[in-house]
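S.K.: Sharing a structure, written as structure tokens. Questions coming.
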Amino acid sequence: MSDTEKRNHHKVIIIGSGPAGFTAALYTARANLNPIIFEGLQPGGQLTITTEVENYPGFEDGIMGPELMDIMRKQAQRFGAKSIYREITEVDFSKRPFVLKTYEDTYTADAIIIATGASAKLIGLESEKKFMGYGVSACATCDGFFFKNQRVLVVGGGDTAMEEANFLTKFASEVIIVHRREEFRASKIMLDRAMNNPKIKFLTNKVIFDVLGKEENGRKTMTGVILEDTKNYSKEELQADGLFIAIGHKPNTNLFKGILDMDETGYLKVKQGSTYTNIEGVFASGDVTDKVYRQAVTAAGMGCMAAIDAERWLGEFEHKVQMENAENK
Ligand code: NAP
């Protein structure tokens, strides 16, 4: 190994910097494995696009998403974890050590923890981006509480939209589900529950054409949307305080296509009750493998599991290598 190769070799490399990645970093750092975290294109992950997080245990008065991620990063760094603010663009898990490439460099690792998360699908409007965190949200569990006695819209016709709409009725005075067709992808039970909820109304054959809002003293507030009819393309304005985008999530797994086992929607498959992927030494944790819970606290829990799985696996791996070396002498 050349000096550069040695410098770029690590026992554990973590890809992704959300709650799963940082918790995996904290645990592997405390196990003296000197982990490296590739923070990727969105350092801190999905929580950096939310505002206040009130359901992360330990923060009695809530905490802002970006601040929570900053604390997690610093806590891992305190024990020696190192962040690299680059994106992994290519992986080769067919040989040991595993190879990871960024646009600039090549790194190798004995074990990999994947924590690349998932991204909420967005509609793709400029105004949606502008009011994200100021009325527009992609997470009812995170932000629903801020819409007490207000009118909110939920876009989508799947289980997520029904679930988010039902959840939002705990706070909002009125929830309107906006869906682009008349048929719903949602399961019957979830759809029935939403239809039977007196606070929920449905607007079908409509899409969000634009998000409306105002900006006063530097403070942005969403005030409504322009709806477009999908049949006759007519437009109408609808006043609303919030807009929840619930048109699905996509796991960030493009990098691993054809390399790691995934389900039909692209989530990484792990052995039940563990974080083992189909390749020994490669572990997956958090939203990249979890489409059911998708919470910061469950991702953090899985990050801890991945670190423990990796530490134990590395112990066995190193033992095996020592035995092989002894046999070859
Ligand atoms: P989904 O089933 O893919 O539904 C996405 C919905 O968003 C569809 O109705 C789709 O409309 C609509 N949509 C997609 N792109 C859109 C766009 N650009 N503009 C407007 N509407 C758009 O996603 P999901 O609801 O997140 O569910 C994902 C998976 O998780 C499913 O397997 C679901 O069963 C599961 N899940 C289960 C639960 C539960 O059991 N508690 C809860 C949540 C999710 P079209 O129908 O016209 O395509």
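S.K.: Answer yes or no as to whether Gln272 is polar (S, T, N, Q), farther than 12 Å from Ile114 by Cβ and either buried (at least 20 other Cβ atoms within 10 Å of the Cβ) or free of Cβ contacts under 8 Å to residues at least 24 places away in the same chain (or both).
M.R.: Yes; evaluated as a whole, the condition is true for this residue.
S.K.: Filter segment 72-91 down to the residues that are surrounded by 13 or more Cβ atoms within 10 Å (Cβ to Cβ) and either farther than 14 Å from Ile14 by Cα or among the charged types (D, E, K, R) (or both) and list them by number.
M.R.: Met72, Arg73, Gln75, Phe79, Lys82, Arg86, Glu87
S.K.: Across segment 254-296, what is the total count of residues that are of a type in the set (Ser, Thr, Tyr), in contact with a Phe, Trp or Tyr (Cβ under 7 Å, 6 or more places away or on another chain) and assigned to a loop (DSSP other than H, G, I, E, B)?
M.R.: Number satisfying all stated conditions: 3.
S.K.: With the condition being over 24 Å from Ser119 (Cβ atoms) and among the basic types (Lys, Arg), I'd like the strands (runs of 3 or more DSSP E) fully within segment 1-93 carrying at least 1 qualifying residues.
M.R.: By residue number, 9-15, 82-84.
S.K.: Here is a further query. Are there any pairs with C-beta distances below 7 angstrom linking a residue in segment 200-222 that is in the same structural domain as Gln150 (by TED's automatic domain parsing) and surrounded by 15 or more Cβ atoms within 10 Å (Cβ to Cβ) to a residue that is hydroxyl-bearing (Ser, Thr, Tyr) and in a strand (DSSP E or B), with the two at least 6 apart or on different chains, and if so which?
M.R.: Within 7 Å, the pairs are Leu212/Thr223; Gly213/Thr221; Gly213/Thr223.
S.K.: When only residues in segment 283-302 that are away from the ligand (no atom under 14 Å from the Cβ), of a type in the set (A, V, I, L, M, F, W, C) and farther than 14 Å from Val53 by Cβ count, which is surrounded by the most Cβ atoms within 10 Å (Cβ to Cβ)?
M.R.: That would be Ala284.
S.K.: Then there is this: Please give the helices (runs of 4 or more DSSP H) falling wholly within segment 106-222 in which 1 or more residues are within 19 Å of Lys291 (Cα to Cα) and within 15 Å of the ligand (Cβ to nearest atom).
M.R.: It comes to 140-143, 159-168, 188-195.
S.K.: Another question, then. Restrict the check to segment 120-137 and report whether at least one residue is in contact with a Phe, Trp or Tyr (Cβ under 7 Å, 6 or more places away or on another chain) and under 18 Å from Asp241 (Cβ atoms).
M.R.: The first filter runs over segment 120-137 and keeps only residues in contact with a Phe, Trp or Tyr (Cβ under 7 Å, 6 or more places away or on another chain), leaving 137.
Among the residues that remain, those that are also under 18 Å from Asp241 (Cβ atoms) are: 137.
Yes, segment 120-137 has at least one match.
The values are calculated or read from the model by the stated rules, or taken from the named source; none is laboratory data. Here the structure is a predicted model, which means the values were calculated and not measured. Note that we place each Cβ from the backbone using ideal geometry, even for glycine, and neighbour counts take in every protein chain shown.
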